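> Quick one: the structure is below, and I'll ask about it shortly.
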Amino acid sequence: MWGMKVDNVSFTSKINFVDAKTFYSKFRQGLYVDPRDVDEFVCKSNEIFTDEVRTCTAGGVIDFNNSVVGGFHFFDDFDNNQALGRFIKELFEKIQNPQRALIVGGKQLRNSVYSLPNFTEICKGIRERVPKVTVFGEHKFPWSETDIHYSLKDDTWTVHSMYRPYTDYKEHEVRSLDDLYEAYKSVELAEGDSLYINGEQVIF
């Protein structure tokens, strides 16, 4: 499959939401994408992960032809906001044949003024270059976060998402389609991508 021309193959990705125990015991592996890395915004590998995506914007762009994913975890401070153009430039210098992408994150908080502007601009910049983009965007609640892992070997995004709704303020995890819509304001599954929750396919 790898190395074939995009024109001849319809690539798809599997997106599987799991609980915290599963994620932290099995999927904190591969190249860690550090949001505090000031030298490089994008990490290239065939397996990446990052965690505690809250007000940041994170995800990855996949180049199947060259068997690589460009992972990112873009911190939402002033300096990074001013460097959005450099981030997009670096992303597509490293990933020159993008076919699919996943983007998560963003949150409306009083003290995180760059969170949603960064999220919006990153989505726009990636959508201009990538044909198929899945988005789980803007955490609905102040106490919420997402962890992600991607493996090119099985073309699977593994995602853990937790949140505390205003109704009971207890910690919830995405364990159903209803939970998914409660956790995020924007849920957009790219054509061809398939959604799973704890390994069971969900009809989106």
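The values are calculated or read from the model by the stated rules, or taken from the named source; none is laboratory data. All values reported here derive from a predicted model rather than from experimental measurement. Cβ atoms come from the backbone with ideal geometry, glycine included; neighbour counts cover every protein chain shown.
> Do we find that Gln29 is assigned to a loop (DSSP other than H, G, I, E, B) and under 24 Å from Ile197 (Cα atoms) in this structure? Reasoning before the result, please.
Values: assigned to a loop (DSSP other than H, G, I, E, B): yes; under 24 Å from Ile197 (Cα atoms): yes.
Against the criterion (assigned to a loop (DSSP other than H, G, I, E, B) and under 24 Å from Ile197 (Cα atoms)), Gln29 qualifies.
> Looking only at the stretch 32-45, how many residues end up being among the aromatic types (Phe, Trp, Tyr) and part of a loop (DSSP other than H, G, I, E, B)?
1
> Sort out which residues of the stretch 115-139 are under 23 Å from Tyr24 (Cβ atoms) and in contact with a Phe, Trp or Tyr (Cβ under 7 Å, 6 or more places away or on another chain), and write them in order of number. Can you show your working first?
So in the stretch 115-139, the residues under 23 Å from Tyr24 (Cβ atoms) come out as 134, 136, 139.
Residues satisfying the conditions are Phe136, His139.
> Next up: Sort out which residues of the stretch 123-154 are closer than 18 Å to Phe23 by Cβ, buried (at least 17 other Cβ atoms within 10 Å of the Cβ) and among the charged types (D, E, K, R), and write them in order of number.
Residues satisfying the conditions are Glu145, Asp147.
> Mind telling me which of the residues Lys89, Lys94 ends up being farther than 22 Å from Tyr196 by Cα and either crowded, with 21+ Cβ neighbours inside 10 Å or free of Cβ contacts under 8 Å to residues at least 12 places away in the same chain (or both)?
On the way: Lys94 fails: either crowded, with 21+ Cβ neighbours inside 10 Å or free of Cβ contacts under 8 Å to residues at least 12 places away in the same chain (or both).
The match here is Lys89.
> Suppose we filter Gly85, Gly71, Gly3, Gly30 for residues that are at pLDDT 95 or above, out of contact with any strand residue (DSSP E or B) (no Cβ under 7 Å at 6 or more places or on another chain) and over 23 Å from Leu177 (Cβ atoms); which single one remains? Even if it seems obvious, please write down each step before you answer.
On the way: Gly71 fails: out of contact with any strand residue (DSSP E or B) (no Cβ under 7 Å at 6 or more places or on another chain); Gly3 fails: at pLDDT 95 or above; Gly30 fails: out of contact with any strand residue (DSSP E or B) (no Cβ under 7 Å at 6 or more places or on another chain).
Going through Gly85, Gly71, Gly3, Gly30 in turn, the sole match is Gly85.
> Of all residues in the stretch 46-71 being part of a loop (DSSP other than H, G, I, E, B) and of a type in the set (A, V, I, L, M, F, W, C), which is surrounded by the most Cβ atoms within 10 Å (Cβ to Cβ)?
Within the stretch 46-71, the match that is surrounded by the most Cβ atoms within 10 Å (Cβ to Cβ) is Cys56.
> Given the criteria more than 24 Å from Tyr181 (Cβ to Cβ), without any contact (Cβ under 8 Å) to a residue 40 or more places away in the chain, surrounded by 15 or more Cβ atoms within 10 Å (Cβ to Cβ) and more than 12 Å from the chain's Cα centre (by Cα), does Asn111 qualify?
So Asn111 fails the test.
> Residues Ile103, Ile148, Ile122, Ile126: which one is within 23 Å of Glu191 (Cβ to Cβ), part of a helix (DSSP H, G or I) and in contact with a Ser or Thr (Cβ under 8 Å, 6 or more places away or on another chain)? Walk me through how you get there before you give the answer.
Values: Ile103 fails: part of a helix (DSSP H, G or I); Ile148 fails: part of a helix (DSSP H, G or I); Ile126 fails: in contact with a Ser or Thr (Cβ under 8 Å, 6 or more places away or on another chain).
Result: Ile122 is the single residue among Ile103, Ile148, Ile122, Ile126 that is within 23 Å of Glu191 (Cβ to Cβ), part of a helix (DSSP H, G or I) and in contact with a Ser or Thr (Cβ under 8 Å, 6 or more places away or on another chain).
> Is the stretch 107-119 home to any residue that is within 21 Å of Asp79 (Cα to Cα) and assigned to a strand (DSSP E or B)?
For the stretch 107-119, residues within 21 Å of Asp79 (Cα to Cα) and assigned to a strand (DSSP E or B): present.
> Considering Leu102, Leu180, which residue is closer than 19 Å to Val42 by Cβ, surrounded by 15 or more Cβ atoms within 10 Å (Cβ to Cβ) and at pLDDT 95 or above? Break it down stepwise before answering.
Numbers: Leu180 fails: closer than 19 Å to Val42 by Cβ.
Step by step, each of Leu102, Leu180 is checked, and only Leu102 is closer than 19 Å to Val42 by Cβ, surrounded by 15 or more Cβ atoms within 10 Å (Cβ to Cβ) and at pLDDT 95 or above.
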